[in-house]
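Report on the following structure.
The values are calculated or read from the model by the stated rules, or taken from the named source; none is laboratory data. A quick note: this is a predicted structure, and the numbers were derived from the prediction, not measured. Cβ coordinates were reconstructed from backbone atoms using ideal geometry, including for glycine residues, and neighbour counts include every protein chain displayed.
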Amino acid sequence: MTIKEAIRERHSVRQYQDRPLDEDARAALESLISKCDQESGLHIQLICGDPDCFDSFMAHYGKFKNVRSYIALVGSDSLIDMEEKCGYFGQRIVLEAQCMGLNTCWVAGTFSRSKCKAELSGDERLVCVIAVGYGEDQGSRHRSKPFGKLCSVPEPEMPGWFRSGMIGAMMAPTALNQQKFFVELVGDEAMITAKKGFLTKLDLGIVKYNFEAASGHKCL
């Protein structure tokens, strides 16, 4: 599976099979996380064999089942655009996980922060986690706002690469499926900005990664 295929095939999954990550998948995720940490300055961590983080009222309210492994997105508040970087590199890991045959779900509120096993140091904080494992199903596609609500360029006038990027951005997961981002074409480059709202900086990073992966063009 290519990354572009992963963008189309990946959906949020909350119910998982009661099985641990295969050793190869775990090693591949740890290697990728190490690369992302080096590139970003973040402190992303893979936590395996921990049922407590999703053993809470909020997790049950969120209908999570058999979450034993998760990725903790941790960063220092002194890092520029820390939340956006969590979204960008977290989505990179999510799509690679999809290519490995794993399922994922971004989780910001419906887990127990006090029980999370992530290690924090100095001024680091836990932004959110990503549940990861083998889903009972492959999830379902979320609804998207139309092009006109998310972009300033009329669809008939979009360059091919820009349209591909927009489709990828529209498939990106966002908090509460709010899609509070806007894409503009500035010269020959795409500029994506976040509107005000809950976790929109995190969402901006997720959307940017999807756009770049789908279009092959870096965003401003």
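Hey, could you check region 18-42 for residues that are in contact with a Leu (Cβ under 8 Å, 6 or more places away or on another chain) and not in a helix (DSSP H, G or I) and say which is surrounded by the fewest Cβ atoms within 10 Å (Cβ to Cβ)?
Gly41
Hey, among Ser164, Ser140, which residue is of a type outside the set (Asp, Glu), over 30 Å from Lys65 (Cα atoms) and touching a residue at least 24 places away in the same chain (Cβ under 8 Å)?
Ser164
(1) aliphatic (A, V, I, L, M); (2) more than 15 Å from the chain's Cα centre (by Cα); (3) in a helix (DSSP H, G or I): which one isn't true of Ala213, the others all being true?
That leaves (2) as the condition not met.
Could you tell me which of the residues Gln91, Gln45 is polar (S, T, N, Q) and crowded, with 22+ Cβ neighbours inside 10 Å?
Gln91 is the lone residue from the list that is polar (S, T, N, Q) and crowded, with 22+ Cβ neighbours inside 10 Å.
How about region 1-17: which of its residues are buried (at least 18 other Cβ atoms within 10 Å of the Cβ) and either at pLDDT below 95 or of a type in the set (D, E, K, R) (or both)?
Those that are buried (at least 18 other Cβ atoms within 10 Å of the Cβ) and either at pLDDT below 95 or of a type in the set (D, E, K, R) (or both): Arg10, Arg14.
Could you list, in sequence order, all residues of region 181-215 that are of a type outside the set (Asp, Glu) and over 24 Å from Glu5 (Cα atoms)?
Leu185, Val186, Gly187, Thr193, Ala194, Lys195, Lys196, Gly197, Phe198, Leu199, Thr200, Lys201
Check whether at least one residue in region 98-110 is farther than 21 Å from Gly205 by Cβ, surrounded by fewer than 21 Cβ atoms within 10 Å (Cβ to Cβ) and among the hydroxyl-bearing types (Ser, Thr, Tyr), and report yes or no.
No, region 98-110 contains no residue that is farther than 21 Å from Gly205 by Cβ, surrounded by fewer than 21 Cβ atoms within 10 Å (Cβ to Cβ) and among the hydroxyl-bearing types (Ser, Thr, Tyr).
If a residue has to be over 22 Å from Arg141 (Cβ atoms) and outside any helix (DSSP H, G or I) to count, how many in region 158-181 make the cut?
Of the residues in region 158-181, 1 are over 22 Å from Arg141 (Cβ atoms) and outside any helix (DSSP H, G or I).
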